[in-house]
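As structure tokens, the structure follows; a few thoughts come after it.
Computed from the coordinates by the stated procedures, all read-outs in this text should not be read as laboratory data. None of the values given here were measured: they were computed from a predicted structure. Heads up, the Cβs are rebuilt from the backbone with ideal geometry, glycines too, and the neighbour counts pull from every protein chain shown.
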Amino acid sequence: MNTSTAYNEARTRFAEIGIDTEAALTALDAIPVSMHCWQGDDVVGFEFPDVALSGGIQTTGNYPGKAHTAEELRSDAEAAMALIPGRKRFNLHALYIDSDEKVSRDKIEPKHFERWVAWAKSRGLGLDFNPSCFSHPKFVDGMTLAHPDPAIRRFWIDHCIASRRISDYFGQELGTKSVMNIWIPDGMKDQPADRLAPRQRLLDALDEIMSANVPAAHHLVAVEGKLFGIGAESYTVGSNEFYMAYAVSRKTALCLDAGHFHPTEVVSDKISAVEPFVQDLLLHVTRSVRWDSDHVVTLDDETQAIASEIVRNGLLGRVHIGLDFFDASINRIAAWVIGMRNMKKALLRALLEPTETLRRAEAELDFTTRFALFEELKSMPWSAVWDQYCERQGVGIGAEWLATVKKYEAEVLVKRR
């Protein structure tokens, strides 16, 4: 389908409100979105593939064809990326180690991820990284970095330090800073007698991780809070308040996950609230149903609001966008494609907004104009601009990509064990 006629009409419409669609597409093309590896295999990884998930993580569904090896996961990621326009990154967890050598999680080294780096180099991708503080025999009593046993804490501290070395290796080899995000599931199912001591232990552990003799030129460390988790319903050590204070005082990046707050809270409002105090923000864009259920990202109001806040406030250089969901009830490649394309659609819509006109109306207390423009923008022909972008990138217009995913499923996925 040729999209030129619709695009030219849309280009004229947007020009009437002062928006250059070509400039918007150029800007969109420069924004990387990090695609998360754990959607491809239901957060299992390749370290202990037969060990059940633990640490407040649960995947539902058993759709056929999930990846069982790093080679399969890379193949699936490539199939998805071929249907997603624009710049992309790939986000790895430590348990996705790809090495012939069996190694304890606290002893992992850059060499154990060389195949991932070679793959990323060949495809022009940046890599992000995460220590995996869950689904492990040393995740005991619901605690890792905050555990009262010094030996347990030592293991997880060493794992995070090793992960920093790997993340910096990624950045150095690929020429783009790697964002390493620390999330731990530590907490308690029932009411604790002492809320302070675990947080003091977590603070000390994080300080040791950050002060370790690790090159820091090529990676950023982010910390991620959470409201509660499965098995940690009454108390979460690493709450949002704890990590916000840590990021500000220790000058780390702060990760805001769209599912890690009370259902009445929204990340879009928090972006500008923390922006004056932190240099870098990491966003985990997800869709929570009832709570942190990590559903596939849709083009809903909150996803759009997140994108709009980033663009309106000129934060594209300081906000790192990653997706975080895992749905095993549908084709996993389709889930990647839908989520990634929706994030990019939201960014495009934000880039097609007459921000200065809206700001001027607001500054002049002309809330009528502001309200009217916001509403009229919803029916502007942004989808014609998106279709033109997809056509230029050769990734399929509308749902054309779905036939490619179905073909890959029939030829590859259903043949897996």
**OP:** Normalising by the residue count of the chain, find the relative contact order in percent from Cα pairs under 8 Å and 6+ residues apart.
**Re:** 21
**OP:** Hey, can you grab everything whose amide H is under 5 Å from the amide H of ASN91? Only 5+ residues off in sequence or another chain; H modelled, so Pro and N-termini drop out.
**Re:** MET35, HIS36, CYS37, ASP128
Subject >> For the range 320-417: relative contact order, % (alpha-carbon pairs under 8 angstrom, 6 or more apart) >> reply: 23
Original post:
Most exposed first by the Cβ proxy, i.e. fewest other Cβ within 10 Å, how do SER379, SER163, SER234, SER54 rank?
Top reply: SER379, SER234, SER54, SER163
Subject >> For GLU101, net neighbour charge (Lys/Arg +1, Asp/Glu -1) across residues whose Cβ lies under 15 Å away >> reply: -1
Original post:
Against the longest alpha carbon principal axis of the chain, how many degrees, from 0 to 90 and to the nearest 10, is the axis of helix 4-16 turned?
Top reply: 90
Subject >> Separation of alpha-carbon centers, the range 1-74 and the range 320-391, rounded to whole Å >> reply: 15
Subject >> Sequence of MET340, MET244 once ranked by neighbouring C-beta atoms within 10 Å, starting from the fewest >> reply: MET244, MET340
Subject >> Karplus (6.51, -1.76, 1.60) ³J(HN,Hα), θ = phi - 60°, over the range 334-350, in Hz, Gly and Pro reported as x >> reply: 4, 4, 4, 4, 4, x, 5, 5, 5, 4, 6, 4, 4, 5, 5, 4, 5
Original post:
So what's the net charge close to HIS219: Lys and Arg +1, Asp and Glu -1, counting the other residues with Cβ under 12 Å from its Cβ?
Top reply: -1
**OP:** Quick one: which residues, 5+ away or cross-chain, put their amide H under 5 Å from the amide H of TYR235? H built at 1.01 Å from N.
**Re:** MET188
**OP:** Could you tell me how many degrees, from 0 to 90 and to the nearest 10, lie between the Cα long axis of helix 196-211 and the main elongation axis, the longest principal axis, of the Cα atoms of the chain?
**Re:** 80
Original post:
Based on DSSP H runs of at least 4 residues, each adding -39500 (n - 2.57), what is the mean residue ellipticity at 222 nm of the chain after dividing by all its residues, to the nearest 500 deg cm²/dmol?
Top reply: -13500 deg cm²/dmol
Original post:
Which net charge results for the neighbourhood of ARG359, defined as the other residues with beta-carbon distances under 15 angstrom from its beta-carbon, given Lys and Arg at +1 and Asp and Glu at -1?
Top reply: -3
Original post:
Can you sort LYS270, LYS226 so the residue with the fewest Cβ neighbours within 10 Å comes first?
Top reply: LYS270, LYS226
